Amino acid sequence: MTVRKAWIIATAAVGSALAFVMLLVVGVYLVAGNILNGVGGGTKALAKGSVPAAYAAIVQKWGNLCSAINPALLAAQLYQESGFNPNARSGAAAEGIAQFIPGTWATHGIDGNGDGKKDVWDPQDAIPSAASYDCKLASYVKDVPGNPTENMLASYNAGAYAVIKYGGVPPYRETQNYVKTITTLEESFAAPVTRVDPSKQAAGAIYYAQKKLGTPYLWGGNGTAADGGRFDCSGLTKAAYESVGVTLPRVANDQYNAGPHPKRDELLPGDLVFFSKDPTDSRAIHHVGIYVGGGYMIDAPRTGAVIRFDPIDTSEYFGATRVTEDGAKALPTTV
């Protein structure tokens, strides 16, 4: 029996929803044993809409500049640095979508679009410059043992000298965390090349959400006593996964980056499903729910409605995320 057919029993009637969900909570682990493992190797093309359309082509192009990087890794760096905001400015004087500090930009900035000037505020220059800088760092540590990409990322954080000195990623907690963060986020920007692992926490998240069925919607609601136990859409998904030890960001478009992205016909109960009026940009996502199988989700729809079952196959269906604990931890607290 296929995974899809295993869950089709769900749609007999929304009126019998509670019993249906409890079957899913038990059954998700039965199905999990038949799923192929993990994201495979190979070139990591960008997942659908994971990078704003204005930057997707340039990230795809420059992400293949050298073997130490790929488009998904470059996207992960840009998201970590600025959330794809070309006007970002940090307290440390880092500027633009790639967050170059002036000294580094003066040395490593390039005229990526060939207009005769290099502008840190122009993504057409800053994104190629970020890729070029990565590849330059990779060339500095090309003879160091270990994973070339991890050594490049460690050089970005701690300097090439430290990587050369320690013969690989240096024993600095900040640097080791940075390498893990970017390589984990990379998976949320990559189009999977095979089925992705089931979420270990899926059943518990569904169980939490189904107990909230019938609760009135509250914009900005987190389910606290002050909120009268009410939620909005991302407040519900955040609380559901928090109940099983996974901390998600507060807003839906950041929750999209908490893991890899299964295709529509590969959805499993517990996946987060997302909706947007712009099918090319995950930053435009405006709604999220928890998939329960059979084409339905539990969601907090809007003001005046209650938490309920809704179909996912609408014109605004954007995609899905299979939440992972590491993926959630890797997300920046602010972007």
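The values are calculated or read from the model by the stated rules, or taken from the named source; none is laboratory data. Everything numeric in this text was worked out from a predicted model, so none of it was measured. Don't worry about glycine lacking a Cβ; one is built from the backbone with ideal geometry, like all the others, and counts go over all protein chains shown. Calculation scope for accessible area: heavy atoms of the full protein, side chains included, ligands and nucleic acids excluded. Shrake-Rupley method; radii C 1.70, N 1.55, O 1.52, S 1.80 Å.
Could you rank the peptides 233-244, 141-152, 77-88, 218-229 by their average count of other C-beta atoms within 10 Å per residue, with the highest value first?
Ranking, from highest mean packing down: 233-244, 77-88, 141-152, 218-229.
Applying 0.36 nm per residue to the separation of residue 173 and residue 306 and subtracting their alpha-carbon distance, the gain on full extension is 43.4 nm.
Counting only residues at least eight positions apart within a chain, or on another chain, the aspartates and glutamates with an alpha carbon under 18 Å from that of residue 200 are 187, 242, 266, 271, 325, 326.
Mean residue ellipticity, 222 nm, helices only, the chain: the sum of -39500 (n - 2.57) across DSSP H runs of n ≥ 4, divided by residue count and rounded to 500, is -11500 deg cm²/dmol. Between the alpha-carbon centres of the range 170-204 and the range 48-127 there is a gap of 21 Å. When the listed pairs 238/263; 117/263; 44/136; 117/165 are checked against a 30 Å cut-off, the alpha-carbon distance exceeds it for 117/263; 117/165.
Under the √(5λ) rule applied to the eigenvalues of the Cα gyration tensor, what semi-axes describe the equivalent ellipsoid of the range 54-113? Give them in Å, descending.
20, 14, 11
On the principal axes of its alpha carbon atoms, the chain extends 64, 39, 34 Å, with the longest extent given first.
Mind putting a number on the dipole of the range 108-205 about its Cα centre? Charges go on the C-beta only, +1 for Lys and Arg and -1 for Asp and Glu, and I need it in Debye to the nearest 20.
400
Near residue 129: Cβ cut-off under 13 Å, other residues only, Lys/Arg at +1 and Asp/Glu at -1. The net charge is -4. Share of carbon and sulfur in the accessible area of the chain stands at 54%, probe radius 1.4 Å. Estimated from the Cβ-Cβ distance and a Förster radius of 30 angstrom, the FRET efficiency linking residue 194 and residue 317 is about 0.85.
The stretch between residue 90 and residue 106, if pulled fully straight at 0.36 nm per residue, gains 4.0 nm over its current Cα-Cα span. Residues in the chain average 44 Å² of solvent-accessible surface per residue, probe 1.4 Å, ligands and nucleic acids excluded.
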